[in-house]
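Worksheet: the structure to be examined is printed underneath.
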């Protein structure tokens, strides 16, 4: 009987070591704090729940038993959720720890995991004739750049480097990614 107990403890130890190894691998890449919200609407009252349930099932492939995975919750107050969804209301740093634990679950994803969830299209690789690609050119950054907010990137023009930032106020008005699978 002691042999079985030792085997079980040894197996648990190995599983723990495997998990630690996987965490180390994950941390070798750049990591991101991610929050995913989904909202579905339909004239048919049963359809939004089905859409969200189907979406939740598609995230099961990212579950690592005993370590990481997405968990979906259905909201009880759809009106408030829809308002916060549209206005991009996220809990702030001032939010209490209990509120964060109960309401604001975030996920830690590395760059590889994130890129498997979200693909920004590029005309070189996506030759779909239904997509209208915008032509662009290199231009100097404007003089009135915000100094705070999310760093989107750096503009380099004629040897001058400027940080391009997206303010919290602008996030409420301008950030929408709309599409369907495959677009």
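The values are calculated or read from the model by the stated rules, or taken from the named source; none is laboratory data. Not measured: the values here are computed from a predicted model. Here the Cβ is made from the backbone with ideal geometry for all residues, glycine too, and neighbour counts use every protein chain on show.
Side notes on the structure shown:
- Condition check for residue 101: modelled with pLDDT under 75, within 30 Å of residue 16 (Cα to Cα) and outside any loop (DSSP other than H, G, I, E, B): yes
- Being part of a loop (DSSP other than H, G, I, E, B), more than 15 Å from residue 117 (Cβ to Cβ) and at pLDDT 80 or above holds for only one residue in 75, 41, and it is 41.
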